[in-house]
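The values are calculated or read from the model by the stated rules, or taken from the named source; none is laboratory data. What you are looking at is a predicted structure, and each value in this text was computed from that prediction instead of being measured. Every residue, glycine as well, gets a Cβ built from its backbone with ideal geometry; the counts of neighbours run over all protein chains shown.
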Amino acid sequence: MLEAGRRLVRLILVSFPEDPEALAAAARLHDLAHDTERELACWRLCLELDPTYLPAHLRLSVLALQAGRYDEVIALTNDALRYHPRSPECQTMLAEALMNLARLSEAEQVLRQHLELYPQSIPGRFLLGNLLVRQKRFEEAIPQLEQVVRLAPNHASALHNLATACARLGRAKEAEEFRRQLARLKQAEQAAQKAGLQQFVDENLAPSVVAQIANAGGRLFLRAGNSGMAEALFRHAAALDPRNIQCRVFLSNLLHQRGEWREALRIVVELRALEPFELSHHRNAGLLYSKLGRFDLAEAAFRDMWMLAPNSAMGPAAIAEVYLLAGKDLTEARRLTEKAVALEPSPAHYKLLAEVCRRLGDGPAAAWAVEKSQRAQSGAAP
Amino acid sequence: MKRYLLLGGLLVVCGAILSVYALWTNSFGKWVGGLRGGGKEGTPISQAKGPWFVDVASESGVDFVHNHGGCGRRYVMEPMSAGVALFDYDGDGWIDIYFLNGAPLLGSDPNLKLFNALYRNLGGWQFQDVGGLAAVDDRGYGLGVASGDYNNDGFADLYVNNFGPNVLYRNNGDGTFSDVTSEAGVENGHRVGAGVVFFDMDRDGDLDLYVGNYIKFRYELHITRYVGGYPRYPSPREYEPDPDTLYRNNGDGSFTDVSAESGISRHAGTTMGITAADYDDDGDVDIFVCNDVRANFLFRNNGDGVFEEVALIAGTAYNGYGAENASMGVDAGDFNGDGRIDFYMTSYQGEFPVLYQNEGEGIFTDVTVERGAGQGCFPHVNWGTGFADFDNDGDRDLYVACGHVDDLIDYIDPSTSFAAPNVLLLNDGTGHFVDASKESGPGLQVCLPSRGTGLDDLDNDGDVDIVVLNLNSQASVLRNDLRGGGHWFQVRLIGTESSRDAVGARVRVFAGGRWQVDEVHSGRGYQSDHGKRLHFGLGKSNRVDKLEIRWPRGKVSVYGPLPADCFATFVEGEERPYISPVNP
């Protein structure tokens, strides 16, 4: 498998010698081979070619963090933040390094800025909670940690810190409850870790890493306009790693654009199974089913999308379009379109409403919707 | 009866020592000067202040080379071996060294002759291997060891915790030992051992025995993992954890397994290092158990032979992030001078060791980063450790032995190494540590795969030396050629109502305007034992103003003032100590 990876990397490097993505692929291969020095050299070269290349900044920072070289992490992440001031990974790594050097007030400042940008950030919120516990600011720590647990109920470290904070504040019952939850989680973790030991065997890791490399190659060839080579590499990546999302997304888009709907749909079905909570997969499936005339399945896919985002107009609008295409229950199509308009009064939705009304023979309503659509398009209030 | 005869003999010796003391108190400057130069001629000593360690193993006759007994199959216990014990087995006042060794594992040459070694300290940095003569050359697979006078006869006995049957050696008092494992009933089955401690759990005046067990291993469960094409040792996660064993001393030379009724066996862990200390200052001795890649245990002694596992509540189960460490060794000591016993626990590569600061009321906080107690340790796997005042400035420093588990790690991971330098962290007097490894002599520059570590004053010159067992390598004996160090005071306790070793006694020393506290422990660090003779650095203070002893059975004795730079023996129930500028 390593040899297959090497062949791929050679192909990518020869084709795109000046591209940091190609070097990144080589770096990943060296990582797989546990050749950290060569991996580091590749990432550094990436930054020489493109000082703004974020994956290199991130990986170099991770390696320095894992080795406990916190001053280096601070330098690397600060450098990366000059180019990518909103990078959440850089922000949290910088904070973690500062915390491990006991520079807590600086870390707190970084974390608070990070959380203003990303209030849902689990690592950022946890680090802030942990920092506050370390400073014995237990009252302040608790809401931070509680939010972590709301976002990630199985966050053992947050539960541990919550138990500590509550205990120190004399809230013994709450502390005990958090400890109970923690004990349950840790027990489950132990079992999972034992079962997961097999994951660390190289033979199991290699396919997914080589798939990443093939995927990176596919992106490079696609960017260079060689869609045939790109498709081959995306397919190779998908075959190597049945859980790789990125290569499947690229591949399905490529096939969709080429009008190879049936094959595109096959890939999208895989994506729906891999990421059942990702809206775009359901939407793409619905679109492809529609194009293939499988309106019943298209409706089902759009309904899944609507369930995941009940406040979005996308769901009802898409189902209404299916009804129009299928010539099915136009009254229901009108109801759905009106719902979409209520949720998002956009020109497209008014246009859709006009079409449904026209098909129902309701001329005045159709005219009204057309007018609304035009007004919305011109920027006036509909 | 034997015990009283010994005490009588001791008193005669002490009478002579007292007259020396009278002389000494009139001219201590001269005596001290004479002592501090002893045995150091020709040593190149830097002009800077601080400890300066030189490895004198070879020239001292300590030629012990550890062998883990493996044949390349990489059994899980190979890199875990082994511990070392520093104790005075023959009562001559010089601290001797006992090294554990491996044994041929399945697939190795069964005729391979591996045995434990006892090095008798002859004084003047000369040691002689007397393991065979003393009959403590056990051929089992040694992992953990502790010394303790379990039968209160005045002579230190030994318990060896093996992979396989364990061994209790009774000291015969004539330089030899007898294997009394069977009659004492402490074989502990055929298990993978770990640390071991003697302690008086029920304060009845004799030492009980806590025996650590690592994992449930059988050869057919062995598994080898590969990373980067290189074979690696299996994780303890591959195996079932094994509960520890607690033996109550029956007082007649035998022990009873009370693991179940004491509550200990309710908790299965992956024990490595253990220490027993009274962390909650309630007068009975509690147990800290390091668990490898699992939550640690802190067994609070209820005083009635029952223990409650409180690590999660106390804050010692995990580190400050709430994550379990690959916990290795542990020592107990007061690093910040607040009178409370703190814990320092070593850990794996990519993890900080953890300094658990005792906040009182049974609560600990991980203050590793804030106190600088992880410096130099993060890239390496850490093993043996201990609190000791290496520079005699009146606070507890830290020593950490390092070296990776995997002998091929250097080919896989350049951020760490199999043979690593050890770490010396000096306390700056405020409870903050400074990494002094690079400035503390050639003995700290040695790179070996270190494991068990013992800290004690091997040449009786008033500073703490270091002994390190190195995996599959020659042991290190690091002589401390302290430069410009402060005054010191060493304490030996003899229990009469309490156990003879006074294990569990707490000693408070007031000197130079501050209190220091220490306890007598038997079993500490990484599966090792050392330091039953308590050592206090006094800094600039040339006397101890006050010394308090809380004996294990509860009696409190107060002494002082006492002169600095000497050895003092305190006998429970006696009003005056026996003090000598040379070791009594």
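The residue pairs whose first member lies in segment A:80-102 and is within 14 Å of chain B (Cβ to nearest Cβ), whose second member is of a type outside the set (A, V, I, L, M), and whose beta carbons are closer than 6 Å, counting only pairs six or more residues apart or on different chains, are A:THR92/A:PRO123; A:THR92/A:GLY124; A:ALA97/A:TYR70; A:LEU98/A:GLU106; A:ASN100/A:TYR70; A:LEU101/A:TYR70; A:ALA102/B:GLU370.
Going through segment A:1-20 one residue at a time, which ones are part of a helix (DSSP H, G or I) and either farther than 24 Å from B:GLY228 by Cα or of a type in the set (Phe, Trp, Tyr) (or both)? A:VAL14, A:SER15, A:PRO20, listed by residue number. I'd like the full set of residues that are within 9 Å of chain B (Cβ to nearest Cβ) and out of contact with any Gly (no Cβ under 7 Å at 6 or more places or on another chain), limited to segment A:131-141. Listed by number, the residues that qualify are A:VAL133, A:LYS136.
Give me a count of the residues in segment B:363-388 that are within 14 Å of chain A (Cβ to nearest Cβ), under 15 Å from B:ASN422 (Cβ atoms) and assigned to a strand (DSSP E or B). So the count comes out to 1. Annotation note: Cβ proximity below 6 Å between a residue of segment A:142-168 that is within 7 Å of another protein chain (Cβ to nearest Cβ) and a residue that is β-branched (Val, Ile, Thr) and assigned to a helix (DSSP H, G or I) (sequence gap 6+ or interchain) occurs for A:ASN161/A:VAL133; A:THR164/A:VAL133. Among the criteria (1) modelled with pLDDT under 95; (2) in contact with a Ser or Thr (Cβ under 7 Å, 6 or more places away or on another chain); (3) under 26 Å from A:SER105 (Cα atoms), the one B:GLY305 does not fulfil is (3).
Rundown of residues vs (1) surrounded by fewer than 22 Cβ atoms within 10 Å (Cβ to Cβ); (2) within 14 Å of B:TYR210 (Cα to Cα), yes/no style:
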{"position": "B:VAL258", "(1), (2)": "yes, yes"}
{"position": "B:ILE264", "(1), (2)": "no, yes"}
{"position": "B:ASP282", "(1), (2)": "yes, no"}
{"position": "B:ASP286", "(1), (2)": "no, yes"}
{"position": "B:ARG294", "(1), (2)": "no, no"}
{"position": "B:ILE313", "(1), (2)": "yes, no"}
{"position": "B:GLY333", "(1), (2)": "no, no"}
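Among the residues of segment A:26-33, none qualifies, meaning not one is farther than 27 Å from B:ILE412 by Cβ and within 14 Å of chain B (Cβ to nearest Cβ). For B:THR316, the conditions (1) out of contact with any Gly (no Cβ under 9 Å at 6 or more places or on another chain); (2) over 25 Å from B:SER498 (Cα atoms); (3) away from every other protein chain (no Cβ under 14 Å); (4) among the polar types (S, T, N, Q) all hold with the exception of (3).
Conditions (1) farther than 22 Å from A:LEU271 by Cβ; (2) among the polar types (S, T, N, Q); (3) out of contact with any Ser or Thr (no Cβ under 9 Å at 6 or more places or on another chain); (4) not in a helix (DSSP H, G or I), marked per residue:
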| residue | (1), (2), (3), (4) |
| --- | --- |
| A:ALA298 | no, no, no, no |
| A:ALA318 | no, no, no, no |
| A:LYS328 | yes, no, yes, yes |
| A:TRP368 | yes, no, yes, no |
| A:LYS372 | yes, no, yes, no |
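For B:ASP338, the conditions (1) without any contact (Cβ under 8 Å) to a residue 60 or more places away in the chain; (2) within 12 Å of another protein chain (Cβ to nearest Cβ); (3) surrounded by fewer than 23 Cβ atoms within 10 Å (Cβ to Cβ) are fulfilled apart from (2). Kindly establish whether A:ARG38 is within 14 Å of another protein chain (Cβ to nearest Cβ), under 17 Å from A:CYS90 (Cβ atoms) and of a type in the set (Lys, Arg). The answer is no for A:ARG38.
For segment A:46-69, the set of residues classified as among the small types (Gly, Ala, Ser) and either under 24 Å from the mean Cα position of the chain (by Cα) or crowded, with 20+ Cβ neighbours inside 10 Å (or both) consists of A:ALA56, A:SER61, A:ALA64, A:GLY68, listed by residue number. Is it true that some residue in segment A:342-362 is within 22 Å of A:LEU287 (Cβ to Cβ) and aromatic (Phe, Trp, Tyr)? Yes, the conditions are met somewhere in segment A:342-362.
This table checks each residue for (1) modelled with pLDDT under 95; (2) in contact with a Pro (Cβ under 7 Å, 6 or more places away or on another chain); (3) under 22 Å from B:GLY429 (Cα atoms); (4) not in a loop (DSSP other than H, G, I, E, B).
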{"site": "B:ALA502", "(1), (2), (3), (4)": "no, yes, no, no"}
{"site": "B:GLN516", "(1), (2), (3), (4)": "no, no, yes, yes"}
{"site": "B:GLY531", "(1), (2), (3), (4)": "yes, no, yes, no"}
{"site": "B:HIS535", "(1), (2), (3), (4)": "no, no, yes, yes"}
{"site": "B:LEU538", "(1), (2), (3), (4)": "no, no, yes, yes"}
{"site": "B:LEU547", "(1), (2), (3), (4)": "no, no, yes, yes"}
{"site": "B:PHE570", "(1), (2), (3), (4)": "no, yes, no, yes"}
{"site": "B:GLU575", "(1), (2), (3), (4)": "yes, no, no, no"}
{"site": "B:PRO584", "(1), (2), (3), (4)": "yes, no, no, no"}
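B:THR416 passes all but one of (1) within 10 Å of chain A (Cβ to nearest Cβ); (2) modelled with pLDDT of 95 or more; which number fails? Unmet for B:THR416, out of (1) within 10 Å of chain A (Cβ to nearest Cβ); (2) modelled with pLDDT of 95 or more: (2). Filtering segment A:334-382 to residues that are within 18 Å of A:MET314 (Cα to Cα) and among the aromatic types (Phe, Trp, Tyr) leaves only A:TYR350. Scanning segment A:167-180 for residues that are of a type outside the set (Asp, Glu) and surrounded by fewer than 18 Cβ atoms within 10 Å (Cβ to Cβ) yields a total of 6. Exactly one residue among B:GLY350, B:GLY322, B:GLY360 is within 13 Å of chain A (Cβ to nearest Cβ), surrounded by fewer than 22 Cβ atoms within 10 Å (Cβ to Cβ) and free of Cβ contacts under 8 Å to residues at least 24 places away in the same chain, and that residue is B:GLY360.
Condition test on A:ALA80, is it among the small types (Gly, Ala, Ser) and within 20 Å of A:ASP50 (Cα to Cα)? When the stated conditions are applied, A:ALA80 passes them. Taking segment A:95-148 as the range and being of a type in the set (Gly, Ala, Ser) and within 25 Å of A:PHE178 (Cα to Cα) as the test, the residues that pass are A:SER121, A:GLY124, A:GLY129, A:ALA141. Scanning segment B:419-461 for residues that are within 14 Å of chain A (Cβ to nearest Cβ) and within 18 Å of B:VAL54 (Cα to Cα) yields B:ALA420, B:VAL423, B:ASP435.
Out of all the residues in segment B:429-450, is one or more within 16 Å of the chain's Cα centre (by Cα) and either among the hydrophobic types (A, V, I, L, M, F, W, C) or in a loop (DSSP other than H, G, I, E, B) (or both)? No, every residue in segment B:429-450 fails to be within 16 Å of the chain's Cα centre (by Cα) and either among the hydrophobic types (A, V, I, L, M, F, W, C) or in a loop (DSSP other than H, G, I, E, B) (or both).
Out of the residues in segment B:119-173 that are among the aliphatic types (A, V, I, L, M) and in contact with a helix residue (DSSP H, G or I) (Cβ under 6 Å, 6 or more places away or on another chain), which is nearest to B:ASP461 (Cα to Cα)?
For segment B:119-173, the residue satisfying everything is B:LEU168.
Is segment A:125-139 home to any residue that is farther than 30 Å from B:ASP435 by Cα, touching a residue at least 12 places away in the same chain (Cβ under 8 Å) and surrounded by fewer than 24 Cβ atoms within 10 Å (Cβ to Cβ)? Among the residues of segment A:125-139, at least one is farther than 30 Å from B:ASP435 by Cα, touching a residue at least 12 places away in the same chain (Cβ under 8 Å) and surrounded by fewer than 24 Cβ atoms within 10 Å (Cβ to Cβ), which makes the answer yes. Would you check if B:GLY484 is surrounded by 24 or more Cβ atoms within 10 Å (Cβ to Cβ) and touching a strand residue (DSSP E or B) at 6+ places or on another chain (Cβ under 8 Å)? In short, no. For segment A:35-44, check the following and say yes or no: at least one residue is under 20 Å from A:ALA206 (Cβ atoms), outside any helix (DSSP H, G or I) and of a type outside the set (Ser, Thr, Tyr). Yes - at least one qualifying residue is present in segment A:35-44.
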